Amino acid sequence: MKKQSEIDRPRLRWRARRGLLENDLIITKFLDQFEDELTDADVHALTQLFEMGDNELLDVLLARTQLEGEYDTPELRRLVAQMREL
């Protein structure tokens, strides 16, 4: 039986397609650079991050707001920091 991360990994690019072009550009650039290096924990964290609404996600990626609640995890903070640096 496949692990959940093995199922989620191929879906990352599809799930990265967002309603806002800015989100698409940031996330695609991140995946282009780091996709092959993502751990299972990273895949899980990104899957969780992609549950955010488009405007909320853009505000986080542009550092207008910080991750809060269930999204405020060490893994997501690290991944968002990487996306902000690109």
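Throughout, read-outs are computed from the coordinates displayed, never taken from laboratory work. Computed from a predicted structure; not experimentally measured. Because the Cβ atoms are built from the backbone with ideal geometry, glycine has one as well, and the counts that use them run over all protein chains shown.
Here are the numbers for this structure:
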{"quantity": "Potential extension, GLN66-GLU51 segment - 0.36 nm per residue separation minus Cα distance", "calculated": "3.8 nm"}
{"quantity": "Candidates per trypsin sites (Lys or Arg not before Pro) in region 39-86, loop by DSSP, up to 14 other Cβ within 10 Å", "calculated": "ARG64"}
{"quantity": "Mean Kyte hydropathy of -1.0 or more with a Cα span along the axis of at least 18 Å, helices from DSSP in the chain", "calculated": "21-34"}
{"quantity": "Cα-derived Rg to Rh of the chain, Kirkwood definition", "calculated": "0.93"}
{"quantity": "Charged-residue dipole, Cβ positions (Lys, Arg, Asp, Glu), region 4-85 about Cα centre, Debye nearest 20", "calculated": "220 debye"}
{"quantity": "Coil-residue GluC sites (Glu not before Pro) of region 47-80, DSSP, other Cβ within 10 Å capped at 12", "calculated": "GLU51, GLU68"}
{"quantity": "Extreme residue, positive dipole direction of the chain, given options GLN48, ALA81, LEU20 (C-beta unit charges)", "calculated": "LEU20"}
